[in-house]
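A short worksheet on the structure shown next.
The values are calculated or read from the model by the stated rules, or taken from the named source; none is laboratory data. If you're wondering where the values come from, they're calculated on a predicted model, not measured in any experiment. Positions of Cβ are backbone-derived with ideal geometry, glycine not excepted, and every protein chain shown enters the neighbour counts.
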Amino acid sequence: MNTATLFQSKRLKHEMTNMKSWSDFARHCTVLLAAGAALTLTTASSADVEMAPLPLKLPIPAFMGTPTDMPLDENLVEKPSEKPRAPFMAPKGVENVAFKKKVTSSDKSPITGTLELVTDGDKEANDNSFVELHRKTQWVQIDLEKKHKIYAIIVWHAHNTYQVYHDVIVQVSDDPDFTQGVQVVYNNDQDNSSGLGIGTDKEYFENYEGRLMNAKGVEGRYVRLYSKGSTYSALNRYTEVEVWALPAQ
Ligand SMILES: [Ca+2]
Ligand SMILES: [Ca+2]
């Protein structure tokens, strides 16, 4: 018998001596068992997270169907789906933590709209619902105010007409300057024209569903989204960005 077991045995003997009856002892054991069961339950719930479909609210579609007259290289651009996107499963309790959070950008004077539009909750395809940034590679960045565990990032650039945005790169970091600890969630810059590394994700057609990127629980405080114009315009429009996450432990 080791010291710990001997100690426990002595302690139990002591407690039994002090108990007035067997019913006292039984009550004591029940309390101990209940405490043990509660502990087991806590361990099980943290290891086995309950999942639920992301409670997304989609805007009204500005057009129906899929483009037929757009040149489409299936190696580069994803074929538009005829079906609605399948529900995305994430841990129960995730929230859009980007809502009303501060947005900064590489473009200090947007052509139309303001940066607040990126996280104001309006994702409709109206002309006054997006901020329009200048040409070439531009980014918008959201400060989540503290570190989060991120499960999905959804972006609506502009979904008023058929178009494919170029160099869509999404990164997460704890560094507001994105010089260190940068984690890449999405990158479809397949020819590295934005110079942030070759991406292996595909380009895609914008529509009312936005683009949902699986962030796989990546942790960070800042989310940065790049783009370099679209098939419609050399300018960069952002209607809304959602970041579905839980606070990081
Ligand atoms: Ca908006
Ligand atoms: Ca490119």
### Query
Out of curiosity, is N207 within 15 Å of ligand 2 (Cβ to nearest atom), crowded, with 18+ Cβ neighbours inside 10 Å and either closer than 17 Å to V77 by Cα or not β-branched (V, I, T) (or both)?
no
### Task
Would you be able to say whether some residue in the range 131-138 is within 16 Å of ligand 2 (Cβ to nearest atom) and in a strand (DSSP E or B)?
yes
### Task
Please go through the range 144-161 and pick out each residue that is surrounded by 20 or more Cβ atoms within 10 Å (Cβ to Cβ) and away from ligand 2 (no atom under 16 Å from the Cβ).
L144, H148, I150, Y151, A152, I153, I154, V155, W156, A158, H159
### Message
If I filter the range 117-135 for residues that are modelled with pLDDT under 95, surrounded by fewer than 21 Cβ atoms within 10 Å (Cβ to Cβ), more than 16 Å from the chain's Cα centre (by Cα) and within 14 Å of ligand 1 (Cβ to nearest atom), do I get at least one hit?
### Response
yes
### Query
Would you pick out the residues in the range 93-108 that are closer than 22 Å to H134 by Cα and either of a type in the set (A, V, I, L, M, F, W, C) or touching a residue at least 24 places away in the same chain (Cβ under 8 Å) (or both)?
K102, V103, T104, S105, S106, D107
#### Entry: Enumeration of residues in the range 60-89 that are at pLDDT 80 or above and surrounded by 12 or more Cβ atoms within 10 Å (Cβ to Cβ)
P61, A62, F63, L76, V77, E78, P80, S81, R85, F88, M89
## Note on the structure
Here the qualifying pairs (Cβ atoms under 8 Å; residues six or more apart or on different chains; first in the range 69-84 and in contact (Cβ under 8 Å) with a residue 24 or more places away in the chain; second aliphatic (A, V, I, L, M) and surrounded by 10 or more Cβ atoms within 10 Å (Cβ to Cβ)) come out as M70/V164; V77/V164
### Task
Could you identify the single residue in D201, D191, D167, D177 that is part of a loop (DSSP other than H, G, I, E, B), more than 16 Å from ligand 1 (Cβ to nearest atom), crowded, with 19+ Cβ neighbours inside 10 Å and not hydroxyl-bearing (S, T, Y)?
D167
### Message
Quick check on V172: is it within 16 Å of ligand 2 (Cβ to nearest atom) and hydrophobic (A, V, I, L, M, F, W, C)?
### Response
no
